[in-house]
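The values are calculated or read from the model by the stated rules, or taken from the named source; none is laboratory data. Keep in mind that this is a model prediction, so the values were computed, not measured. Positions of Cβ are backbone-derived with ideal geometry, glycine not excepted, and every protein chain shown enters the neighbour counts.
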Amino acid sequence: MNVRRTDRIWLFGGLAVIALLIAAGWFLLISPKYTEASDVRSQVDDTTAQLATLRRQLSDLKADNANLKKYQDELAKNRKALPDGDDIPALLRQLQNMGTKLDVEVTAYSATGRTQSKAVSTVEELPITLNAVGKVADISRFVKQLQGSQPRAVLIQTANLTIDGREADGYDQTEMALTLVAFRNTATSTTTVATTQ
């Protein structure tokens, strides 16, 4: 009987050692590898999502690059509307030439000191007064072009209309005193554009 008992002890002891080796192998070797593989899969998923986002951004940038000329033209137009320098004599000549083209005589213009804009901290305002003399329809076109289509951004603050009398052609000769504000950009930031093919 002792022999059977000893065999059983050895049998159960051997089975316990095998079970212990399997458990230790699982917890020390196999389980960490599963965890490591799971982490790598998670990183792959994150990288795949980032790659998709970057590809979408790249396609958006390529589309923007196709419109680069349009954006540069728009930037040039906006810089004319809000220049960095004053160049008041050029602005006053521009207003006078615009008036001449529209049969409006622009006279008695003056510009006074600049002030910091209350609405935009990087913009200065320059008050300008001028008189426009001509027919009502011509002055109306002059005012519309002044506000809408001329390159330099100006804002009409006041307009006083005076009808002087009849001209030889039967139309009223009209004078409009305008107070304008011209704007100037004081920001010194620059933008660099890189083009890729």
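Name every residue in segment 84-141 that is over 35 Å from the mean Cα position of the chain (by Cα), in a helix (DSSP H, G or I), of a type outside the set (Val, Ile, Thr) and surrounded by 15 or more Cβ atoms within 10 Å (Cβ to Cβ), in order of residue number.
Matches in segment 84-141: Asp138 only.
Please verify whether Lys77 is in a helix (DSSP H, G or I) and within 30 Å of Leu130 (Cβ to Cβ), treating the condition exactly as stated.
Numbers: in a helix (DSSP H, G or I): yes; within 30 Å of Leu130 (Cβ to Cβ): yes.
Yes.
Would you check if Asn78 is of a type in the set (S, T, N, Q) and either surrounded by 12 or more Cβ atoms within 10 Å (Cβ to Cβ) or at pLDDT below 80 (or both)?
Working: of a type in the set (S, T, N, Q): yes; either surrounded by 12 or more Cβ atoms within 10 Å (Cβ to Cβ) or at pLDDT below 80 (or both): yes.
Spelling it out, Asn78 is indeed of a type in the set (S, T, N, Q) and either surrounded by 12 or more Cβ atoms within 10 Å (Cβ to Cβ) or at pLDDT below 80 (or both).
Among the candidates Gly113, Gly85, Gly134, Gly99, which residue alone is touching a residue at least 40 places away in the same chain (Cβ under 8 Å) and out of contact with any helix residue (DSSP H, G or I) (no Cβ under 9 Å at 6 or more places or on another chain)? Before the answer, list the steps.
Details: Gly113 fails: touching a residue at least 40 places away in the same chain (Cβ under 8 Å); Gly134 fails: out of contact with any helix residue (DSSP H, G or I) (no Cβ under 9 Å at 6 or more places or on another chain); Gly99 fails: out of contact with any helix residue (DSSP H, G or I) (no Cβ under 9 Å at 6 or more places or on another chain).
After ruling out the rest, the residue left standing is Gly85.
Considering only residues of segment 172-194 that are at pLDDT 60 or above and more than 26 Å from Pro127 (Cβ to Cβ), which is surrounded by the most Cβ atoms within 10 Å (Cβ to Cβ)?
Gln173
Please indicate, with yes or no, whether at least one residue in segment 155-170 is of a type in the set (D, E, K, R) and crowded, with 17+ Cβ neighbours inside 10 Å.
Within segment 155-170 (the criterion being of a type in the set (D, E, K, R) and crowded, with 17+ Cβ neighbours inside 10 Å), the answer is no, since none of the residues qualifies.
Here is a list: Gln145, Gln197. Which entry is modelled with pLDDT of 85 or more and either exposed (fewer than 15 other Cβ atoms within 10 Å of the Cβ) or in the same structural domain as Lys101 (by TED's automatic domain parsing) (or both)?
Working: Gln197 fails: modelled with pLDDT of 85 or more.
One residue alone meets the criteria, Gln145.
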